1. Amide H to amide H under 5 Å from residue 185: which residues, 5+ apart in sequence or cross-chain, H placed 1.01 Å off N in plane?
2. State the Kirkwood hydrodynamic radius of the range 108-169 in Å, one decimal place, computed from all pairs of distinct Cα atoms.
3. For a Förster distance of 25 Å, can you work out the FRET efficiency between the beta-carbons of residue 173 and residue 81, rounded to the nearest 0.05?
4. Provide the per-residue ³J(HN,Hα) series for the range 176-193, in order, calculated from phi with Karplus coefficients 6.51, -1.76, 1.60 and θ = phi - 60°, each as a whole number of Hz, with x at glycine and proline positions.
5. Hey, if we sort 193, 183 by accessible area with the 1.4 Å probe, largest down, what's the order?
6. Tabulate in residue order the Karplus-calculated ³J(HN,Hα) for the range 73-84, using 6.51 cos²θ - 1.76 cosθ + 1.60 with θ = phi - 60°, rounded to whole Hz; enter x for Gly and Pro.
7. Go through the range 107-122 residue by residue and turn each phi into a ³J(HN,Hα) via Karplus (6.51, -1.76, 1.60, θ = phi - 60°); whole Hz please, and just put x for glycine and proline.
8. Convert 4 °C to kelvin, take the viscosity as 1.567 mPa s, use the Kirkwood radius over C-alpha pairs of the range 79-182 as Rh, and evaluate the Stokes-Einstein diffusion coefficient in µm²/s, rounded to a whole number.
Amino acid sequence: MADPDFAGGDFTDEEFAEYFGTPARPSTERRRIPLWARLAGLIVALAMIVGSGNFLLTEIRDFASLNDAPEIRSAALDRIAESEWGWLAAEVVIVPIEEPRVGAFVTNNPSDGIIQIDLRPWGPDRLDRLVDHELGHLLDFAVWGAVPADERRGGISSEAWAECAAVDAGTRAIDLSEVVGEYHCYADELVVYEAQVGQLVEVCARWGDRECRTIGLGADGVDN
Ligand SMILES: [Zn+2]
C-alpha cells in the first residue's frame with residue numbers, strides 16, 4: 001500500500017516549499033494544458049499499458065523461481081527426460097559462467113555431452129528453452145562431429161540451428177521480424193532444420209556410452 005500522505009501528491013505551495021525547499025511550480029501551469037492534450041496523454045498511456053500486457057503476463061508467469069543449483073538441475077533433467085533429443089545429454093552441471101551473455105554451453109572437439117548451465121535464477125519456461133537449445137547443439141555435434149561449418153546443418157549457423165531446435169521442440173517462438181545478434185530462428189532456417197532432421201536415419205552420441213538411436217523409432221522400437 002502507498003503511504004496515504006503521498007497518495008495524492010497534493011501539497012499547498014507552502015507545504016511543498018517546507019518539504020522540498022523550493023516553491024512549487026505555479027499552480028496555473030497545470031490548468032494551461034488543454035483538455036484534448038490531457039486526453040491524448042491518457043490514451044497513449046493506456047495503449048502502452050495494454051501493449052505491454054502480454055509481455056508482463058509472460059514475465060510474471062515465468063518468474064525466476066528456480067534459484068539454487070539443485071532446483072535448476074532438477075528442472076533441466078525433467079526437460080531432458082521429456083525432450084526428443086534428451087538422450088544425447090550425458091550430464092547437467094550448474095556452474096557460475098563468467099560470460100554474462102552465456103546462460104549455458106556444451107563443448108565440441110572433444111564433445112562430452114555435458115550441458116553446463118549458469119548458476120543464476122531461471123524461470124521454468126526460459127530454462128526449458130535453454131535446455132532445448134543446448135540439445136540442438138548436441139544433435140549437431142552428434143550428427144556432424146568435426147565436419148567444417150559450411151558442410152553441416154544444411155548451411156545455417158550453429159546458433160540458428162540450436163534456436164530452431166527449441167522452436168521445433170515447442171519451447172521457443174519462431175522469429176517473424178529481424179533479430180539483433182545470432183540467436184534467431186527465421187522461417188527459412190526452420191525449414192532447413194526440419195529438412196535436415198527429416199533426413200536422419202540414425203543418430204549416435206559421440207560421448208559417454210556412444211548410444212545410437214534410429215530416428216522416428218523410440219528406444220523400444222515402437223514408432224513414436
Ligand atoms: Zn548456443
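1. Counting only residues 5 or more places away or on other chains, the set is 175.
2. 12.3 Å
3. Numbers: r = 23 Å, r/R0 = 0.93.
In this case the efficiency is close to 0.60.
4. Karplus values, whole Hz, x for Gly and Pro: 9, 10, 5, 10, 6, x, 9, 8, 9, 9, 7, 4, 5, 6, 5, 4, 5, 4.
5. Numbers: 193 0, 183 80 Å².
Greatest to least solvent exposure: 183, 193.
6. Ordered by residue, 3J(HN,Hα) equals 5, 4, 5, 5, 5, 4, 5, 4, 5, 7, 7, 4 Hz.
7. 10, 10, 6, x, 9, 10, x, 8, 8, 9, 10, 5, 7, 8, x, 10
8. Value of D from the Cα-based Kirkwood radius: 91 µm²/s.
The values are calculated or read from the model by the stated rules, or taken from the named source; none is laboratory data. All of these numbers come straight from a predicted model, not from anything done at the bench. Using ideal geometry, Cβ is built from the backbone for each residue, glycine included, and neighbour counts are taken over all protein chains shown. The area values use the complete protein model at the heavy-atom level, side chains included, leaving out ligands, DNA and RNA. Shrake-Rupley method; radii C 1.70, N 1.55, O 1.52, S 1.80 Å.
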